[in-house]
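Input: a single structure, listed below in C-alpha cells.
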Amino acid sequence: MEENVTDVKPPLSYGATVTVIGLFGGVFWGAIFQLFAYFNFTEVGPTFIIRSWIKADFAKGWMGVILSLVCLSIISLLFAYLYSILFRKFNSYWLGVGYGLVLWALIFLVLRPLFPGMKTVMELSINTIITTICLFLLFGLFIGYSISFEYHEEQLEKKARAEKNKAQV
C-alpha cells in the first residue's frame with residue numbers, strides 16, 4: 001500500500017519537543033516522587049510545593065497531589081528550556097546527571113527558605129536525602145539526554161536536507 005505524502009504529519013518543532021519533554025518529565029517524575037513519598041522512601045513529597053503556602057485541607061489529599069503535579073510540570077518545563085538554552089549542544093548523559101544534582105542543590109539548599117514547611121537538609125533522614133538525590137539525578141538525565149538527543153537529530157536532518165538540496169542543484 002502506497003503512503004500518500006499528504007498523510008504524513010510533519011515532526012514537532014524543536015521548541016515543541018522541548019515543551020513536551022518538560023511537561024512529561026514533570027508529570028512522570030512527579031508521580032514517581034509521589035509514589036516514593038507514599039511508600040515512605042522519603043519524608044518530602046511533591047506536595048511540599050503547595051503545602052508550604054496553602055494550609056487548606058484539600059492540599060493534603062489527592063487534590064493537593066494533582067495540583068502539585070501541575071506545578072511540577074510547569075517548573076519542569078522551565079528547567080527543560082533552561083537546559084535547552086545552556087547545554088543542548090553537549091551530547092553527554094553525564095551533563096544531564098550533573099544538571100539533576102544542581103537542581104537538587106538549588107531546591108533543597110538554596111531555595112528551601114521559599115518552602116517554610118520543608119525541613120532543612122540536616123533535619124532530613126538519610127533515606128530522604130538519598131532518594132531525592134537519585135530522583136533528581138534521573139530527572140536531570142531524562143531532561144538532558146532527551147533534549148540533547150532531539151537537538152542532534154534535528155541537526156542531522158538539517159544537514160541531510162542541505163546535502164539533498166545541494167545534490168539536486
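Here are a few things to note about the model shown:
- Scanning the range 118-133 for residues that are in contact (Cβ under 8 Å) with a residue 24 or more places away in the chain and not in a loop (DSSP other than H, G, I, E, B) returns 127, 128, 131, 132, 133.
- Top-ranked residue of the range 46-95 - restricted to ones that are charged (D, E, K, R) and surrounded by fewer than 18 Cβ atoms within 10 Å (Cβ to Cβ), ranked as farthest from residue 35 (Cα to Cα): 89
- Single residue of the range 29-45 satisfying the filter (over 20 Å from residue 117 (Cβ atoms) and either in contact with a helix residue (DSSP H, G or I) (Cβ under 6 Å, 6 or more places away or on another chain) or without any contact (Cβ under 8 Å) to a residue 40 or more places away in the chain (or both)) that is surrounded by the fewest Cβ atoms within 10 Å (Cβ to Cβ): 39
- Considering residues of the range 24-76 that are under 17 Å from residue 111 (Cβ atoms) and aromatic (Phe, Trp, Tyr) only, the residue nearest to the chain's Cα centre (by Cα): 33
- Residue list for the range 136-152, filter: surrounded by fewer than 20 Cβ atoms within 10 Å (Cβ to Cβ) and over 16 Å from residue 91 (Cα atoms): 137, 138
- First in the range 50-78 and of a type in the set (Val, Ile, Thr), second anywhere and at pLDDT below 90 and outside any loop (DSSP other than H, G, I, E, B), Cβ under 8 Å, 6 or more apart: 50/59; 50/64; 54/64; 75/49
- Taken over the range 58-82, the criterion of being touching a Gly at 6+ places or on another chain (Cβ under 9 Å) and either more than 29 Å from residue 146 (Cα to Cα) or of a type outside the set (Val, Ile, Thr) (or both) is satisfied by 58, 68, 69, 71, 72, 73, 76, 77, 78, 79, 80, 81.
- Those residues of the range 14-28 which are free of Cβ contacts under 8 Å to residues at least 24 places away in the same chain and small (Gly, Ala, Ser), in sequence order: 15, 16
- Filtered by the rule that a residue be loosely packed, with under 14 Cβ neighbours inside 10 Å and not hydroxyl-bearing (Ser, Thr, Tyr), the range 118-135 gives 122, 123, 126, 127, 130.
- Within the span defined as the range 74-84, one or more residues are under 23 Å from residue 130 (Cβ atoms) and hydrophobic (A, V, I, L, M, F, W, C).
- Test result for residue 58, in contact with a helix residue (DSSP H, G or I) (Cβ under 7 Å, 6 or more places away or on another chain), more than 23 Å from residue 22 (Cα to Cα) and aromatic (Phe, Trp, Tyr): yes
- Matching option when the condition is at pLDDT 95 or above and of a type in the set (Gly, Ala, Ser), among 61, 45, 22: 22
The values are calculated or read from the model by the stated rules, or taken from the named source; none is laboratory data. This structure is a prediction, so every number in the text was calculated from the model and none was measured. With ideal geometry, Cβ positions are generated from the backbone for all residues, glycine too; neighbour counts draw on all protein chains shown.
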